[in-house]
Structures are given as C-alpha cells and as structure tokens.
C-alpha cells in the first residue's frame, strides 16, 4: 500500500494532480487546501498518501501535511456515511485545525456548512471523532483564546492566533480560516503572526 510519494509535479488542479515518480505519473486526488500548497509544475513535491483499492479501480488521495492525511483517514474510516469523495469536499472547505475545533466544540452549524454534510452527519462526526481530536483541539483553542499574539515557530499556533484575531474583528470562522491560510502560503510560516494578520486583512 502506498503511503508516501516524492517526485516532480507534472500538472495540478484544485482537486487533482499528477506526480512524476521515477518516470511513472501518479494521478492523485487532493483537496483544495492541499492544492493551494502544491508547488509549480516542474517542482519537487512530497505527499502523504491514502490508498483505496477496489476490484474495479485504485485511487490515491494526497496531502502535503501528514496531519491532514491522518484526519482524512479518521473521517472516512470512523464516520458512517462519509467516503473519500465527501472527505475531500470537507477538507476543501475548511482546514483540519478548524474542523478539529468545530468537532471539539460540538459546533454542528459550522460543520453543516460543508457540502454533503447535513445536521445528522455533523452530529455523527462529533460523536465518532470528539475523543480522537479532543487533546489537539483543546490545545489549539487555548492558544487561540489568548489575549496576546505570541511569536512562535509552530504553524498551527500562528494559524490559530491569526484566525482568532480576525474573528474578533468580525469575520466568520470559515472566512477567517481561508484568509489566514492564504496569507501563510504567501508569506511562509517564518513570518510573524502580526504580518500574517496584516496580509489576511489586505
């Protein structure tokens, strides 16, 4: 089973890319949140892979971050009614850190904003995954709820701090998450939290 690939980007789109690994082109399905981080065509790229093998076909799902791949696996393996297609849709709508917080906070209204997720499915998400994401989401929530903006090397911490600041300014959670993700992609994670916030507001 393929769990990791390293190669050269041949082509990419918001939901699919082709990775050349030693002369073999792998077609890999990706969420929008991964597509935003995929380098330009001709550039090296590493992906964490989830493989699905069926009698009639084999599918590869790729993620830049291992944590995203692992959360995707939780979604499709632990929650009834969520398959790979819906799992990709969910991760295309929101980042893993925001999804973890929504599950931890039992926020069915936010989860229901993801295409293909109704109230009942959102409730199943919370029931099945709350204990599995609890520690991570609690730590992120604690950081995001701080009144200060610490200068930390942790990408998750910077992301949460910036999102919390935009929410304070009146942005909805999903929009704040999207703006901060784009700002970090543009500036790089070495940028300070303050610079990330300024870019997200521009």
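Key figures
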| item | result |
| --- | --- |
| Debye intensity ratio in log₁₀ form over the Cα atoms of the chain, taken at each q of 0.16 Å⁻¹ | -1.08 |
| Shape call, region 76-135: gyration tensor on alpha carbons, a/c limit 1.5 | rounded |
| Cα pair distances of region 1-51 binned at 5 Å [whole percent] | 5, 24, 36, 28, 7, 1 |
| Computed lengthening from residue 22 to residue 194, 0.36 nm per intervening residue step minus Cα-Cα distance | 57.8 nm |
| GNM result for the chain, Cα springs below 10 Å: residue of 76, 30, 98 fluctuating most strongly | 76 |
| FRET efficiency, residue 131 to residue 4 (Cβ-Cβ, R0 30 Å, nearest 0.05) | 0.65 |
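Only the coordinates and a few stated rules stand behind these numbers; no lab work does. Model, not experiment: these values are computed from the prediction. In this analysis, Cβ positions are derived from the backbone assuming ideal geometry, glycine residues included, and neighbour counts consider all displayed protein chains.
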